[in-house]
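Okay, so here's the structure we're looking at.
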Amino acid sequence: MSSIVVVGGGIIGTGIAYYLRDSDHRVTLVEKNQLGSGTSRYSTAMFGWHFPHPADYLFRRRSWAGWRDVLEQTDLEHHTVGNVRVARSQEALSELRETVAVQQSYGIETRMISPEEAAEYGIDPDAIEGAMHSPREGYVNQQGFMEFYAERAQEHGVEVLTGTEVHDVTTEDGAVTGVETEAGHIDADVVVNAAGPWSPRLNDMVEVSLPLKHSRAQIMVLQADAPHGFPFIDLEGDHYFRPESETKMLAGRHGPPFHQIGELDPDHAHDIQEEFRLSVIDQIETVVPGLQETEVINDWVGIRTVTPDGRPVLGPTSVEGFVVATGMSGSGVSQHAAVAKTLSQYFRTGEASDTLRYHAPSRFRGQSGTEAQLGPTGPTHPQ
Ligand SMILES: Cc1cc2nc3c(=O)[nH]c(=O)nc-3n(C[C@H](O)[C@H](O)[C@H](O)COP(=O)(O)OP(=O)(O)OC[C@H]3O[C@@H](n4cnc5c(N)ncnc54)[C@H](O)[C@@H]3O)c2cc1C
């Protein structure tokens with residue numbers, strides 16, 4: 001039996017605690033504020049099937065099974081709003097066609113729709129070449145998921161400490177011995193870094209260096225006078241609009257690529273940028289005129305933790321017992337159940353599965369700013 005300390009009570013940390021709840025290990029979840037007070041709080045919490053490789057599809061399918069389990073056990077709702085992803089160029093249109101073909105081959109309900117059909121969703125048909133429509137996609141109340149995970153974990157003996165910051169990770173002879181918190185030292189054989197945008201700080205405590213950066217995820221809340229009836233609208237993977245209620249829509253933008261971003265201070269409150277505000281107005285005017293009669297009633301900014309390939313970084317590192325579960329980029333809510341199940345399986349069996357190898361820190365070996373970090377050699381593609 002090991003003593004495992006999970007640092008970070010977001011969707012990842014609470015998920016890991018839940019999936020470890022009936023293991024042989026002594027598990028403690030340590031959160032410096034309240035559960036779900038980090039990036040997870042600001043998320044639009046959509047489940048998307050987009051994936052560049054079949055292995056990513058399998059990972060999401062594993063996660064979707066976890067979502068379904070929670071939905072079946074609770075009165076939490078999956079808001080099945082559907083996803084309309086538009087193409088504004090011929091090139092983007094052929095990419096969408098390829099995506100639809102691949103997704104259909106995996107049994108995902110999705111199809112191409114014409115610009116005229118997209119007009120039904122407030123989109124200007126003259127501004128687009130076509131779109132794909134995935135009617136089963138939707139979002140959940142991620143706060144409800146985190147509460148459920150924490151409650152069930154506690155019922156099964158997991159200790160949950162909130163308002164408790166980890167100041168240091170202690171080691172001896174290259175192996176983890178515990179964490180220092182403001183409430184004292186907690187012994188541990190394993191420390192899991194699930195600290196979201198703060199995870200580079202945890203890595204620094206044990207001199208593990210991974211290529212992690214931050215991107216600003218800005219949201220504006222749009223209020224309409226009447227029910228809009230629109231689905232999630234994704235403009236070529238750039239701006240997006242997510243229904244929040246019958247009359248509210250959240251306007252956001254996917255993150256820029258890794259090479260265009262840097263680091264942000266996650267303790268600092270970040271404001272909406274004027275450039276973002278103007279770009280949303282521009283997109284509404286030029287592509288989604290159906291949202292023109294709305295006013296901005298609120299906004300917020302969350303921070304994504306991004307890896308070079310946009311996939312999570314999971315598993316053991318060069319410091320024995322120091323395990324990472326970070327770099328969720330823009331998909332941490334979608335993928336959290338697969339992340340938590342994969343790590344839980346690792347802690348139960350001591351074996352690194354192909355899925356874990358695929359996401360291992362070692363895939364970044366040799367990249368700028370990265371020391372030869374351990375982890376099982378990889379990546380390999382899970383079948
Ligand atoms: C605006 C926005 C929209 C998004 N939309 C989507 C979406 O539609 N679908 C999707 O799948 N994903 C989406 N994401 C991404 C997703 O929200 C994140 O990937 C996910 O929430 C990350 O969860 P986490 O648990 O890794 O991090 P966090 O939620 O940030 O949790 C980390 C926790 O660690 C705690 N912590 C940090 N340091 C310490 C310490 N030293 N001691 C103790 N505790 C500590 C923090 O307080 C925090 O609660 C979106 C993100 C944003 C911001």
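Name the single residue, out of those in the stretch 288-325 being aliphatic (A, V, I, L, M) and assigned to a loop (DSSP other than H, G, I, E, B), that is nearest to the ligand (Cβ to nearest atom).
Selected residue: Val319.
Residue by residue through the stretch 219-272, note down the ones that are within 18 Å of Thr305 (Cα to Cα) and assigned to a strand (DSSP E or B).
Result: Ile219, Gly252, Arg253, Gly262.
Does the stretch 198-247 hold any residues that are within 9 Å of the ligand (Cβ to nearest atom), farther than 30 Å from Arg363 by Cα and free of Cβ contacts under 8 Å to residues at least 12 places away in the same chain, and which are they?
none
With Ser94, Ser105, Ser134, Ser89 as the choices, which residue is surrounded by fewer than 16 Cβ atoms within 10 Å (Cβ to Cβ) and closer than 23 Å to Arg253 by Cβ?
Testing whether each residue is surrounded by fewer than 16 Cβ atoms within 10 Å (Cβ to Cβ) and closer than 23 Å to Arg253 by Cβ leaves just Ser89.
What are the pairs with Cβ atoms under 9 angstrom where one residue, in the stretch 162-177, is assigned by TED's automatic domain parsing to the domain that holds Thr28 and the other, located anywhere, is among the aromatic types (Phe, Trp, Tyr)? Sequence gap at least six, or different chains.
Val169/Phe322; Thr171/Phe322; Ala175/Phe322; Val176/Phe322
Please return the ranges of helices (runs of 4 or more DSSP H) entirely within the stretch 1-103 where 2 or more residues are touching a residue at least 24 places away in the same chain (Cβ under 8 Å), within 13 Å of the ligand (Cβ to nearest atom) and hydrophobic (A, V, I, L, M, F, W, C). Full working, then the answer.
Details: elements: 11-19, 39-42, 54-73.
Ranges flagged: 11-19, 54-73.
Test Pro312 against the stated conditions and say whether it is farther than 14 Å from Arg62 by Cβ and either in contact with a Leu (Cβ under 6 Å, 6 or more places away or on another chain) or of a type outside the set (Ser, Thr, Tyr) (or both).
Details: farther than 14 Å from Arg62 by Cβ: no; either in contact with a Leu (Cβ under 6 Å, 6 or more places away or on another chain) or of a type outside the set (Ser, Thr, Tyr) (or both): yes.
It is false that Pro312 is farther than 14 Å from Arg62 by Cβ and either in contact with a Leu (Cβ under 6 Å, 6 or more places away or on another chain) or of a type outside the set (Ser, Thr, Tyr) (or both).
Could you list, in sequence order, the residues of the stretch 326-354 that are surrounded by 24 or more Cβ atoms within 10 Å (Cβ to Cβ), away from the ligand (no atom under 11 Å from the Cβ) and not hydrophobic (A, V, I, L, M, F, W, C)?
Thr342
From the residues in the stretch 1-28 that are aliphatic (A, V, I, L, M) and over 19 Å from the mean Cα position of the chain (by Cα), which one is farthest from His78 (Cα to Cα)?
My answer is Met1.
The values are calculated or read from the model by the stated rules, or taken from the named source; none is laboratory data. Note that the structure is predicted; figures quoted are calculated from it, not measured. In this analysis, Cβ positions are derived from the backbone assuming ideal geometry, glycine residues included, and neighbour counts consider all displayed protein chains.
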